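The values are calculated or read from the model by the stated rules, or taken from the named source; none is laboratory data. Worth saying up front: this structure is predicted, and the values here are computed from it rather than measured. A quick note on method: Cβ atoms are made from the backbone with ideal geometry, for glycine too, and the neighbour counts reach across all protein chains shown.
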Amino acid sequence: MGNTVLQPDTEFIKDLMAAGAEDVKKCYQCATCSVACELGDGAFPRRQMVAAQWGQKEKLLADPAPWLCFYCGECSKRCPRQANPGETMMALRRYATAQYDWTGLARRMYGSAVWEIGVLLLVAAMVIALFTVPQNFGFGLLRQHPEALQTVRLDLFAPKHVVHRADWIMAIGLALLLLSNALRMFRALTRGKHVPLGVWLACLPGMVADGLTQRRWAKCGESRMHWLRHLVLVTGYGTIFTLVVIFLPWFQVEDTGFHWTSLLGYYSTVVLLGSTGWILLDRMGKRSEMHRFSELSDWLFPVLLFLTALSGIALHIVRLANEPMATYTIYTVHLAIAAPMLIVEVPFGKWAHLLYRPLALYIAAAVNRSEAMDGYKE
């Protein structure tokens with residue numbers, strides 16, 4: 001038998017450490033992390049720690065296991081060397097997210113705070129310009145309708161048929177971008193593996209359930225409360241996204257009146273403010289293992305979500321109080337926060353894990369079932 005020579009990819013190791021795996025070299029393969037993990041297969045995350053130390057980039061990018069980790073922190077808490085395997089798995093997910101993105105923007109954003117904040121500010125500036133520069137939209141439209149300066153008339157500031165069309169264009173564009181990146185992930189995780197179509201179909205309901213509930217997280221260590229908070233947060237986010245993208249003609253009230261859809265908006269606002277505020281306090285206080293280490297990407301999405309909900313409350317208050325200029329100004333600021341959050345953070349930031357994780361679970365389940373069937377036949 002010939003000898004196998006491994007040539008470590010040192011650049012990959014440096015990139016991984018820059019993504020958060022700063023302590024990966026401390027690991028000396030005691031396997032305590034694998035014993036601590038309640039969801040692993042007996043070798044996770046030790047196997048991935050070895051591959052990370054040896055710079056086995058292609059092997060790790062073809063491995064769904066890092067996505068199966070919900071960062072309960074048990075492995076890191078018990079590690080005798082403080083190698084923080086949980087944070088290494090998080091770093092692997094950040095690195096993989098950047099690699100799956102064909103535009104290259106995610107790589108730049110994860111690698112540079114200037115790039116990430118700069119792109120967010122650029123999109124925000126474009127939104128503000130949309131409402132201030134054209135003569136037939138936003139503040140320019142108010143000059144043609146002085147009555148809109150006396151009482152709130154959102155229909156004369158931001159006609160909802162225009163905003164609704166823009167929402168659909170944004171939603172379709174984001175969906176196509178996310179799906180194209182997910183396809184790259186699918187190819188990377190299934191390369192060289194043969195899974196019958198029947199197995200893919202049989203595992204599909206599990207993917208849907210995982211995507212909607214992240215149900216495995218509830219079984220992970222002591223993190224059931226984190227799972228529940230995340231689940232509630234997703235319901236609030238999904239509700240407001242549905243209202244804005246699909247039901248905007250009923251949700252956006254043009255004057256100082258009240259519409260029943262506002263009740264759903266209240267639910268979303270309370271959930272978003274409460275959940276994101278709680279998350280930010282946890283990160284600031286480093287209250288649990290999963291919050292001990294925070295990259296910029298871990299902060300931006302909850303901060304933007306919190307500010308979106310807060311500005312939405314302010315908009316609702318000034319509209320009901322019939323303050324026209326305050327309503328139009330806060331409406332513009334509200335969109336200048338929400339649009340960058342959606343356009344930048346959804347396809348390129350941490351939010352993408354809501355698609356990548358259930359997809360990885362789906363692939364792992366299908367591959368494992370297919371291998372089990374092959375073993376049974378033999």
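Here residue 118 fulfils each of the conditions (1) part of a helix (DSSP H, G or I); (2) within 22 Å of residue 35 (Cβ to Cβ) apart from (2). Taking the listed residues 338, 309, 326, the one that is surrounded by fewer than 21 Cβ atoms within 10 Å (Cβ to Cβ) and in a helix (DSSP H, G or I) is 326, with no other qualifying. Looking only at the range 281-298, residues that are touching a helix residue (DSSP H, G or I) at 6+ places or on another chain (Cβ under 7 Å) and either surrounded by fewer than 16 Cβ atoms within 10 Å (Cβ to Cβ) or free of Cβ contacts under 8 Å to residues at least 40 places away in the same chain (or both) come to 5 in all.
Do we find a residue being among the polar types (S, T, N, Q), modelled with pLDDT of 90 or more and over 24 Å from residue 224 (Cα atoms) anywhere in the range 64-78? Among the residues of the range 64-78, not one is among the polar types (S, T, N, Q), modelled with pLDDT of 90 or more and over 24 Å from residue 224 (Cα atoms), which makes the answer no. Return yes or no: is residue 315 within 27 Å of residue 263 (Cβ to Cβ) and either out of contact with any Phe, Trp or Tyr (no Cβ under 7 Å at 6 or more places or on another chain) or among the hydroxyl-bearing types (Ser, Thr, Tyr) (or both)? The answer is no for residue 315.
Would it be correct to say that residue 229 is farther than 23 Å from residue 267 by Cβ, outside any loop (DSSP other than H, G, I, E, B) and in the same structural domain as residue 353 (by TED's automatic domain parsing)? Against the criterion (farther than 23 Å from residue 267 by Cβ, outside any loop (DSSP other than H, G, I, E, B) and in the same structural domain as residue 353 (by TED's automatic domain parsing)), residue 229 does not qualify. Only one entry of 116, 58 meets the criterion of being among the charged types (D, E, K, R) and more than 22 Å from residue 299 (Cβ to Cβ), and that entry is 58.
Filtering the range 180-207 to residues that are out of contact with any helix residue (DSSP H, G or I) (no Cβ under 8 Å at 6 or more places or on another chain) and more than 12 Å from residue 360 (Cα to Cα) leaves 180, 191, 192, 197, 198, 201, 205. Scan the range 353-363 and give yes if some residue there is in contact with a helix residue (DSSP H, G or I) (Cβ under 8 Å, 6 or more places away or on another chain), crowded, with 20+ Cβ neighbours inside 10 Å and under 23 Å from residue 166 (Cβ atoms), otherwise no. No, the range 353-363 has no match at all. Is at least one residue of the range 105-125 of a type in the set (D, E, K, R) and over 30 Å from residue 358 (Cα atoms)? No.
Considering only the range 235-246, state which residues are surrounded by fewer than 18 Cβ atoms within 10 Å (Cβ to Cβ) and of a type outside the set (S, T, N, Q). Listed by number, the residues that qualify are 238, 241, 245, 246.
For the range 135-165, a residue qualifies if it is loosely packed, with under 15 Cβ neighbours inside 10 Å and under 30 Å from residue 103 (Cα atoms), and the qualifying residues are 162, 165. Checked against (1) part of a helix (DSSP H, G or I); (2) in contact with a helix residue (DSSP H, G or I) (Cβ under 6 Å, 6 or more places away or on another chain), residue 278 passes all but condition (2). Check whether at least one residue in the range 137-146 is more than 27 Å from residue 251 (Cβ to Cβ) and in contact with a helix residue (DSSP H, G or I) (Cβ under 7 Å, 6 or more places away or on another chain), and report yes or no. The answer is no, given that none of the residues of the range 137-146 is more than 27 Å from residue 251 (Cβ to Cβ) and in contact with a helix residue (DSSP H, G or I) (Cβ under 7 Å, 6 or more places away or on another chain). What about residue 86, is it under 21 Å from residue 298 (Cα atoms) and in contact (Cβ under 8 Å) with a residue 40 or more places away in the chain? Yes: the conditions hold for residue 86. Against the numbered list (1) more than 18 Å from residue 350 (Cβ to Cβ); (2) touching a residue at least 40 places away in the same chain (Cβ under 8 Å), residue 109 comes up short only at (1).
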